[in-house]
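Down below is the structure, laid out as structure tokens.
The values are calculated or read from the model by the stated rules, or taken from the named source; none is laboratory data. All values derive from a computational prediction rather than experimental measurement. Backbone-built Cβ (ideal geometry, glycine too); neighbour counts: all protein chains shown. With ligands, DNA and RNA removed, areas are computed over all heavy atoms of the protein, side chains included. Shrake-Rupley method; radii C 1.70, N 1.55, O 1.52, S 1.80 Å.
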Amino acid sequence: LFEHKSKPEKYPHLQLLRYLLEIWDRDVKSKKTLTPVIPIVIYHGKTKWKIREFKDYFKGIGSELWEYLPAFRYELTD
């Protein structure tokens, strides 16, 4: 999965997660095995991009709740 960005995204995980779900929904509807997907963000902006973990968006929750949050990484190419 390739996503192009010209400026830093505040919540890139949300957009990427939507795309991942669309891909997997298509697999399910086509009765295919789920396809592993590597999200890659291609960034060509001037401001530095800081990669965060999805759990970092949830302020004030304890680590005991992290296991209930989606967890995935994306590759960043600048």
- prompt: On the accessible surface of the chain, probed at 1.4 Å, how many percent belong to carbon and sulfur atoms?
  reply: 56 percent
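Which value, in Å³ per residue, describes the convex hull spanned by the Cα atoms of the chain? Present the calculation step by step, with values, prior to reporting the outcome.
Working: hull volume 7.6 nm³, N = 78.
Residue-normalised Cα hull volume stands at 98 Å³.
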message: Positive end of the dipole of the chain, charges at C-beta (+1 Lys, Arg; -1 Asp, Glu), about the Cα centre: which of SER6, PRO36, GLY60 has its Cα farthest in that direction?
response: SER6
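Quick one: net charge of HIS44's neighbours, Cβ under 14 Å, K/R +1, D/E -1?
Numbers: positive: LYS5, LYS7, LYS46, LYS48; negative: GLU3, GLU9, ASP78.
Spelling it out: positives minus negatives among the neighbours equals +1.
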- line: Excluding residues fewer than 8 positions from LYS32 in its own chain, the aspartates and glutamates with Cα under 17 Å of it are GLU22
query: Just LYS55, LYS31, LYS46 to compare: in a GNM of the chain, with alpha carbon springs under 10 Å, which one fluctuates most?
result: LYS31
statement: Given unit charges at Cβ for Lys, Arg (+) and Asp, Glu (-), the dipole magnitude of the chain about its Cα centre in debye, nearest 20, is 280 debye
- request: Could you run the Karplus curve 6.51 cos²θ - 1.76 cosθ + 1.60 with θ = phi - 60° over the range 22-31 and give me ³J(HN,Hα) per residue in whole Hz, x for Gly and Pro?
  value: 4, 4, 6, 4, 4, 4, 5, 5, 8, 6
task: With a probe of 1.4 Å, find how much accessible area the range 1-64 has per residue, and write the answer as a whole number in Å².
output: 78 Å²
- prompt: Near LYS10, which lysines are there with a Cα under 25 Å away, not counting those fewer than 8 places off in the same chain?
  reply: LYS46, LYS48, LYS50, LYS55, LYS59
field: Heavy-atom SASA rank of PHE54, PHE2, PHE72 (probe 1.4 Å, accessible area, largest first)
entry: PHE2, PHE72, PHE54
